[in-house]
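The values are calculated or read from the model by the stated rules, or taken from the named source; none is laboratory data. Given the structure is predicted, the values throughout are model-derived calculations rather than measurements. Ideal geometry is used to build each Cβ from the backbone, glycine not excepted, and the neighbour counts take in all protein chains shown.
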Amino acid sequence: MNRLWWTQVKAVIRLELKKTFFAKRGLWIYAVAALPVLLFIAYAIAMSNQQHRSARIARDGEKPLSYQDLLAVKPGMTKDQVVATLGRPPVDIHWTERRPTGPGAFDEIQHQRFQYSDGQNDLFVEFVGDKVEGANVQDAYNLGEDAIVFAGVFQFFFLRLAIFFGCLGVFMNLFRGEVLDRSLHFYFLSPVRREVLMGGKFLAGLLATCTIFVTSEILQTLAFLWHFSPRARDLYLYHHHGLEHAATYVGVTILACIGYGAFFLVAGMLFRNPIIPAAVILIWEAINPFLPALLKQFSVIYYLKSLCPVEIPVSPGTPGLFALLISNANPVSAPLAIIGILVVAFIALAVSSFQVKRMEINYTTE
Amino acid sequence: MNDRIIFEDVSKFYGEILGVNRVNLSIPPGITSLVGPNGSGKTTLMNLMTGLVKPSRGRIQVLGIKTDDPERLFKIVGYSTQFDAFPRGLTGFQFIYSYLSLSGIPTQEAERTAWEAIQRVNLVDAASRKIGAYSKGMRQRIRLAQALAHNPKVMVLDEPLNGLDPLARAEMIALFRASAAAGSYVIISSHILHEVDVISDQVILLSNGYVVAEGQIQTVRNEIQEHPTQILIRCDRPRELAAKLFESEYMIEASIHKDDRGVLLKTKDADRFYLALNQLALNGIQIESIAPADDDVLSVYEYLIGNEEVVR
């Protein structure tokens, strides 16, 4: 790229960024990007409240308890044995169950639930009569499960919907929006090669979408980690590959913006009505797991799924179609996936480049 | 021909609708006016010249540059369009500055050049206001500033005087004349024929997508055979002069001017008539002036196209 082209690309980016970031019609993109952040903030608030409750229960207990103490209660123990081990319960709920034994006759069964806490993890002890029927420890943190929840939100909401529709809103309007505004001639009357203009607009769109969605991704990670204790946070980040996963998610987000951005740029040039190509691409991406191996390669989600760091397990009993949607049957290696997305994006940009050179200013037909 | 704007057998169709058909032009420096009623193809011709639309057939070159090479073309061409829309949210200054930045002009030079262009169209006071708040005349002026900002050799101006007040019109016309005198190519489209008549070095008359005439007004007029040339002779004794003039075989009709100080005559062959006039013994009739009365754009337009949709 020669120096003039680079100067021109920068000028296009300056003009486009202002429009993309502050356009009223693009406000919904911020909302879509903010949704998973709000979800994780709500989750963190709920978890934080639960931790406060656990801390209060631990304070109200007769003596300080450890996690090992909580695990000491087993079914079959008597109420007195439990109290001897853990002290008087800070939370004690009891109720009577009336179980019918015949016409107008009932057995009254006494139920009781004790709740203990070590400050973070809670123990629920269920009594029937005087015997422990069940003892259930609810961990404050389940790093493996939390990581899968995060992966699920990332793959099924953030990638497939938020970034997909965000890129649609930004990239499809790069040229089409100006045709509708009847202002595209401003660019076409300047001494800029059409391919350079297209490149500048694509980079501006990429910068905008990456800023919005990478920020969202980082905020999601922070919100996700917020309720963790410093120890649990260290454990997740440095021993459960949390840091590595966070970096990978940011990388996948950027690649998604590149892939979908290139797709929607070319779609915005080829079609007058954006709903049709958007629906076609959405369906194409959705049916990707059912496509033959060769056709799979012409989609963005195929490569993105292969790059996601946490695989979502398919539980037994999951319906076949849904299981196929979740699983990634033939994942490609990370380098191949990155090259694949870049090649798909390059092909889309080459088509855009050809198309932009043929574009005419004929607003009356729009 | 790298010193002309060339159209070679150019046609443009919008689907089945004709834009222009079989246009052959060779436009020299100076002020060239495109004249024709609405839908005659003036804007299409300008859009073709600037690559905004592609010809369905034929070839166009602007001073040797193909119109599908914007990087070179718009270094020498400035186009003030009729499209009354601007990139959102820009002030007048930002609009011109952004345009110059896109050309790759360094920041400081772009700022200076932008202010110069804004000064040239008298918009300095409004330069920091959003274009969305401009009046129609101001928007016209900022479009002109954009077209002229980089001092292009070729200025393509679609209805450039629309919405301007008389003072601004006079200033713009002076600007176009100065540019043309300096060797620029100023291509103007206008409905206002008396303005075209005053400023044009040559005209291109369009009707229904066809070029019906082109060249200097007088040359075009002389080529219109079916309408006799009209000449106005101002003198002190018009009746005597009229009687004398009928001695010439080239005279068709003569009428006394309403102020009784001249004769308006029609002739089949103006050149021969002028020669014959020199040989007539005028017996002391004082001739003040002899001037063609219908070699202006208005007359030519009426003869060739009719008098639809024009402002005199």
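Sort through B:Glu171, B:Glu214, B:Glu247 and tell me the only one that's outside any helix (DSSP H, G or I) and surrounded by fewer than 17 Cβ atoms within 10 Å (Cβ to Cβ).
B:Glu247 is the lone residue from the list that is outside any helix (DSSP H, G or I) and surrounded by fewer than 17 Cβ atoms within 10 Å (Cβ to Cβ).
Quick check: anything in the range A:237-247 closer than 25 Å to A:Gly152 by Cα, of a type outside the set (Lys, Arg), crowded, with 19+ Cβ neighbours inside 10 Å and free of Cβ contacts under 8 Å to residues at least 40 places away in the same chain?
So far as the range A:237-247 goes, yes, one or more of its residues are closer than 25 Å to A:Gly152 by Cα, of a type outside the set (Lys, Arg), crowded, with 19+ Cβ neighbours inside 10 Å and free of Cβ contacts under 8 Å to residues at least 40 places away in the same chain.
Can you tell me which of A:Gln50, A:Gln81, A:Gln8 is within 14 Å of chain B (Cβ to nearest Cβ) and part of a helix (DSSP H, G or I)?
A:Gln8
Restricting to the range B:61-102, give me the number of residues that are in a strand (DSSP E or B) and either under 29 Å from B:Ser128 (Cα atoms) or facing chain A (nearest Cβ under 10 Å) (or both).
Going through the range B:61-102 one residue at a time, the tally reaches 5.
Residue-by-condition table, conditions (1) within 14 Å of another protein chain (Cβ to nearest Cβ); (2) farther than 30 Å from B:Ile65 by Cα; (3) surrounded by 23 or more Cβ atoms within 10 Å (Cβ to Cβ); (4) over 21 Å from the mean Cα position of the chain (by Cα):
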position	(1), (2), (3), (4)
A:Phe154	no, yes, yes, no
A:Ile163	no, yes, yes, no
A:Phe175	yes, no, no, yes
A:Val179	yes, no, no, yes
A:Leu189	yes, no, yes, yes
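Kindly indicate which of B:Ser189, B:Ser135 is in the same structural domain as B:Leu90 (by TED's automatic domain parsing), over 14 Å from the mean Cα position of the chain (by Cα), at pLDDT 90 or above and within 30 Å of B:Ser103 (Cβ to Cβ).
Testing whether each residue is in the same structural domain as B:Leu90 (by TED's automatic domain parsing), over 14 Å from the mean Cα position of the chain (by Cα), at pLDDT 90 or above and within 30 Å of B:Ser103 (Cβ to Cβ) leaves just B:Ser135.
Might you let me know whether the range B:106-115 holds any residue that is outside any helix (DSSP H, G or I) and at the interface with another protein chain (Cβ under 10 Å from one of its Cβ atoms)?
yes
Going residue by residue through the range B:34-52, is there one that turns out to be more than 10 Å from every other protein chain (Cβ to nearest Cβ), of a type in the set (D, E, K, R) and part of a helix (DSSP H, G or I)?
Yes, that holds for at least one residue.
For the structure I just gave you, tell me whether B:Met155 is away from chain A (no Cβ under 14 Å), surrounded by 15 or more Cβ atoms within 10 Å (Cβ to Cβ) and either aliphatic (A, V, I, L, M) or within 18 Å of A:Val192 (Cβ to Cβ) (or both).
Answer is no for this residue.
Picking from A:Phe263, A:Phe213, which residue would you name as being over 24 Å from A:Leu39 (Cα atoms), aromatic (Phe, Trp, Tyr) and not in a loop (DSSP other than H, G, I, E, B)?
A:Phe263
Residues are listed down the side, and each one gets a yes or a no for (1) at pLDDT below 90; (2) within 14 Å of chain B (Cβ to nearest Cβ):
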| site | (1), (2) |
| --- | --- |
| A:Tyr260 | no, no |
| A:Met269 | yes, no |
| A:Ile275 | yes, no |
| A:Pro289 | yes, no |
| A:Gln297 | yes, no |
| A:Ala329 | yes, no |
| A:Phe346 | no, no |
| A:Arg358 | no, yes |
| A:Thr365 | yes, yes |
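One residue is enough: does the range B:182-201 have a residue meeting the conditions part of a helix (DSSP H, G or I), within 14 Å of chain A (Cβ to nearest Cβ) and under 24 Å from B:Met49 (Cα atoms)?
No, the range B:182-201 contains no residue that is part of a helix (DSSP H, G or I), within 14 Å of chain A (Cβ to nearest Cβ) and under 24 Å from B:Met49 (Cα atoms).
Would you check if there is a residue in the range A:91-111 being crowded, with 17+ Cβ neighbours inside 10 Å and touching a residue at least 24 places away in the same chain (Cβ under 8 Å)?
No, that holds for no residue.
Quick check on the range A:209-228. Is at least one of its residues under 29 Å from B:Ser101 (Cα atoms) and either within 14 Å of chain B (Cβ to nearest Cβ) or not hydroxyl-bearing (Ser, Thr, Tyr) (or both)?
Scanning the range A:209-228, I find at least one residue that is under 29 Å from B:Ser101 (Cα atoms) and either within 14 Å of chain B (Cβ to nearest Cβ) or not hydroxyl-bearing (Ser, Thr, Tyr) (or both), so the answer is yes.
Could you check the range B:90-104 and list, in sequence order, the residues that are of a type in the set (Phe, Trp, Tyr) and under 28 Å from the mean Cα position of the chain (by Cα)?
B:Phe95, B:Tyr99, listed by residue number.
For the list (1) closer than 17 Å to B:Gly30 by Cβ; (2) within 10 Å of the chain's Cα centre (by Cα); (3) at pLDDT below 85, I need the number of the one condition that B:Ile217 fails.
With (1) closer than 17 Å to B:Gly30 by Cβ; (2) within 10 Å of the chain's Cα centre (by Cα); (3) at pLDDT below 85 applied to B:Ile217, the lone miss is (2).
Looking for whichever is over 17 Å from the mean Cα position of the chain (by Cα) and of a type outside the set (Gly, Ala, Ser) here; the options are B:Leu157, B:Leu167, B:Leu144, B:Leu161. Which one fits?
So the residue among B:Leu157, B:Leu167, B:Leu144, B:Leu161 that is over 17 Å from the mean Cα position of the chain (by Cα) and of a type outside the set (Gly, Ala, Ser) is B:Leu167.
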